[in-house]
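Participant: One structure coming up, written as structure tokens, with questions to follow.
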Amino acid sequence: MERVMKMRFKSYFIFLVTMCSGKLFAEDTPCDLPQIENGNLAQYYYSFKSYYFPMHKGKKLSYSCVVGYTTESGTQEGRITCTAKGWSPVPRCYRKCTKPVLENGTFYSTEMDFKIHEKLQFKCNPGYLSPSGATEDTVQCQPQGWSFQPSCTEKLESCQVPGLLQGSCRPGSRTAAGSASAAALCLAPGCTGITCSTLSEVAHGGFYPVKKIYEEGDVVHFFCDKHYSLTGFDLIQCYNFGWYPDPPVCEDVKNKCPPPPFPHGHISTARRAYHNGDKVRVQCTLGRRGSEEIQCEGGKWTLPSICIGTVDKQKSGASPPLEADAEIRASQTHHNEDMKMQQDCAPPPAIKNGGVLGPLLASYKNGSWVEYGCQHYHFLDGPSTVYCDQGNWTEQPTCLEPCILNVTDMDSNNLTLKWRREELIFLHGDLIEFECKQGYDFLQTAIPSLGRTQCDHGRLQYPKCVIQAATEKCGSPPSIANGNLTLPVLPQYDSGSSVQYICSDYHFLQGSETIYCSEGQWTLPPVCIEPCTLSKTEMEKNNVLLQAFYADQVYFYHGDYVGFYCKQNHFGAESGTTLFQVQCERGQLAYPRCVERGKQVWT
């Protein structure tokens, strides 16, 4: 028994020691070698990783971003500290934005490089417009690059669409709904690189598909929750000047009235829907019973006017005034009798893949209306509101089926989706973009845009990818001075393969860090430009000191600026100033020269 107790005590002691030491170890050494995309540490940290890592709390590290990338503050080098929660701040390298080429326009800034979040304004020449359709625009440097590509394109010929704005038209263009109808704005095909702003959430409704980035030609379908209906168009499309038409809103159906029916007349302002408080003037062909003006109140029209039907004129010509008045009264009486027999409508007819949202009644009076809706993912084509007109319902909408991607069909055609998404369901009219699997290319077919197809009444025409033709391979990639490959060298590489280079400490990588094997040849490798080394001797010789911001820094990248200032009672020999910014040029620093007061040499 005593032996058992000793063994248990020993096991418990070992457990406590293990837990405590593990806890101390976890608290004292939480930081492992950081993985920095587009950045790196000094090479010895990688070569002797097991010696340096994991690191204790409070330890600091410096890291540098590769060429074309900077820290969030815009510097080439950053500094991080090991904390109980890991490295802080998280080391990140962002792509530096270089001033792009702009044809047919000018930039307001003369700077060539821009930090993250900096903005660049440009102006287009007369007769040219920016992607938003304006003469001036602004782009912002973001982690992934410019917010959009600045460009100035020539104004296109306009097409005047009845009841709508003017828009850019070219032969073969299509409308926002994907049809050839002239009752919508035209879209010029073949434009690439244009994106539209992210859509805001819709109160009491939503839209589909939801994407982070919408490209020119993308169509978005809006829908509303139960008891709400759209005010505006249910389809909008991304154009080269932005979204058109404007996104709709979802409004309570109690605040909307349907178009009022007038068999023997018309109204002054015909609309798709009328809102609470809207008024219309009724213009009858011959005669009227009721008020000339009606108003939408709480989803219903006030005292709807009734237009009297036309009557046959006498063969002898126009009727005398008294006879015409009697004829109108007789026609009105006859019309009222017909109304009593025909004014009610039976319950509205059912539609496939949809139904009536409301109001649901046993019978419907003449002029009353109902709202239709479709099942989830089904596209409502036609008017969502129908009304009772003399015992008959106006035309009902149809619910078009969605397209469901078939994984088997995709595999048989060697396809993958271009944009990752959880659901494989697309609405009628949606554009679907595919990519070929690795080693395959699109088969040239009659499809207008390779890899892009449109959902049409639940049917899809899948593009086809075929295996790529055999291409010549590449040997080992070329070596570069003051730099190495990030991965071990292989004796042979397939066409399309890529390798990445990294420069030695503080060396500036000029060119593309990635090169590609193309038909047996490597693309041009980068060059590693040597850094500038600070010389205390040169500083003393020229009577300059290093600015505090650069304290403890000895090496500077090619292109970096170094700040100096003159010693006390000294001034610049050539400029007369006391502060200087000198740029590192391929390992060389042109130190400023300061002389004592009264000994300046002016030029």
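Participant: With (1) out of contact with any His (no Cβ under 9 Å at 6 or more places or on another chain); (2) closer than 19 Å to THR70 by Cα; (3) at pLDDT 90 or above; (4) surrounded by fewer than 14 Cβ atoms within 10 Å (Cβ to Cβ) as the list, and LEU524 as the residue in question, which single condition is left unmet?
Facilitator: Evaluating LEU524 over (1) out of contact with any His (no Cβ under 9 Å at 6 or more places or on another chain); (2) closer than 19 Å to THR70 by Cα; (3) at pLDDT 90 or above; (4) surrounded by fewer than 14 Cβ atoms within 10 Å (Cβ to Cβ) leaves (2) as the failure.
Participant: What do you reckon, is LEU33 modelled with pLDDT of 85 or more and among the hydrophobic types (A, V, I, L, M, F, W, C)?
Facilitator: yes
Participant: Of the residues PRO347, PRO321, which is of a type outside the set (A, V, I, L, M, F, W, C), over 30 Å from ASP430 (Cβ atoms) and either crowded, with 17+ Cβ neighbours inside 10 Å or modelled with pLDDT of 85 or more (or both)?
Facilitator: PRO347
Participant: May I pose another question? Any residue that is surrounded by 14 or more Cβ atoms within 10 Å (Cβ to Cβ), touching a Leu at 6+ places or on another chain (Cβ under 6 Å), within 25 Å of GLU530 (Cα to Cα) and not polar (S, T, N, Q) - is there at least one of those in the stretch 484-500?
Facilitator: The answer is yes, given that some residue of the stretch 484-500 is surrounded by 14 or more Cβ atoms within 10 Å (Cβ to Cβ), touching a Leu at 6+ places or on another chain (Cβ under 6 Å), within 25 Å of GLU530 (Cα to Cα) and not polar (S, T, N, Q).
Participant: Continuing with the same structure: Tell me the residue from LEU443, LEU485, LEU460 that is closer than 30 Å to CYS517 by Cα and either aromatic (Phe, Trp, Tyr) or at pLDDT 85 or above (or both), please.
Facilitator: After ruling out the rest, the residue left standing is LEU485.
Participant: Quick check: anything in the stretch 443-461 closer than 21 Å to CYS238 by Cβ, out of contact with any helix residue (DSSP H, G or I) (no Cβ under 6 Å at 6 or more places or on another chain) and charged (D, E, K, R)?
Facilitator: Yes, the stretch 443-461 contains at least one residue that is closer than 21 Å to CYS238 by Cβ, out of contact with any helix residue (DSSP H, G or I) (no Cβ under 6 Å at 6 or more places or on another chain) and charged (D, E, K, R).
Participant: Being touching a helix residue (DSSP H, G or I) at 6+ places or on another chain (Cβ under 7 Å) and of a type outside the set (Ser, Thr, Tyr): is that true of ASP494 here?
Facilitator: No, not satisfied.
Participant: For the stretch 370-394, what are the residues that are among the polar types (S, T, N, Q), part of a loop (DSSP other than H, G, I, E, B) and over 15 Å from ASP225 (Cα atoms)?
Facilitator: GLN390, THR394
Participant: Is there any pair linking a residue in the stretch 485-502 that is assigned to a loop (DSSP other than H, G, I, E, B) to one that is among the aliphatic types (A, V, I, L, M), with Cβ under 6 Å and at least six apart or on different chains, and which?
Facilitator: Matching pairs, first to second residue: THR486/ILE502.
Participant: Could you list, in sequence order, all residues of the stretch 191-245 that are in contact (Cβ under 8 Å) with a residue 40 or more places away in the chain, among the hydrophobic types (A, V, I, L, M, F, W, C), outside any strand (DSSP E or B) and farther than 17 Å from GLY133 by Cβ?
Facilitator: LEU199, VAL202, ALA203, PHE233 - these are the residues of the stretch 191-245 that are in contact (Cβ under 8 Å) with a residue 40 or more places away in the chain, among the hydrophobic types (A, V, I, L, M, F, W, C), outside any strand (DSSP E or B) and farther than 17 Å from GLY133 by Cβ.
Participant: (1) of a type in the set (D, E, K, R); (2) surrounded by fewer than 17 Cβ atoms within 10 Å (Cβ to Cβ); (3) farther than 14 Å from ASN40 by Cα: which one isn't true of LYS96, the others all being true?
Facilitator: It fails just one condition, (2).
Participant: Output yes when any residue across the stretch 549-556 is outside the structural domain of SER62 (by TED's automatic domain parsing), in contact with a Ser or Thr (Cβ under 9 Å, 6 or more places away or on another chain) and polar (S, T, N, Q), and no when none is.
Facilitator: There is no residue in the stretch 549-556 that is outside the structural domain of SER62 (by TED's automatic domain parsing), in contact with a Ser or Thr (Cβ under 9 Å, 6 or more places away or on another chain) and polar (S, T, N, Q).
Participant: Checking the condition at pLDDT below 85 and within 20 Å of GLU540 (Cβ to Cβ), which residue from ARG593, ARG597 passes?
Facilitator: ARG597
Participant: Can you tell which of ASP225, ASP246, ASP218 is within 17 Å of LEU380 (Cα to Cα) and of a type in the set (D, E, K, R)?
Facilitator: When all the criteria are applied, what remains is ASP225.
Participant: Here's another thing I want to ask about it. Of the conditions (1) of a type outside the set (A, V, I, L, M); (2) in a loop (DSSP other than H, G, I, E, B); (3) at pLDDT 85 or above; (4) under 27 Å from GLY74 (Cα atoms), PRO126 fails just one. Which one is it?
Facilitator: (4)
Participant: Something else now. For the stretch 53-93, name all the residues that are more than 27 Å from PHE148 (Cα to Cα), surrounded by 16 or more Cβ atoms within 10 Å (Cβ to Cβ) and of a type in the set (Val, Ile, Thr).
Facilitator: ILE80, the sole residue that qualifies.
Participant: Return the total of residues in the stretch 500-520 being under 31 Å from the mean Cα position of the chain (by Cα) and at positive phi.
Facilitator: 1
The values are calculated or read from the model by the stated rules, or taken from the named source; none is laboratory data. Source: prediction; values computed, not measured. Positions of Cβ are backbone-derived with ideal geometry, glycine not excepted, and every protein chain shown enters the neighbour counts.
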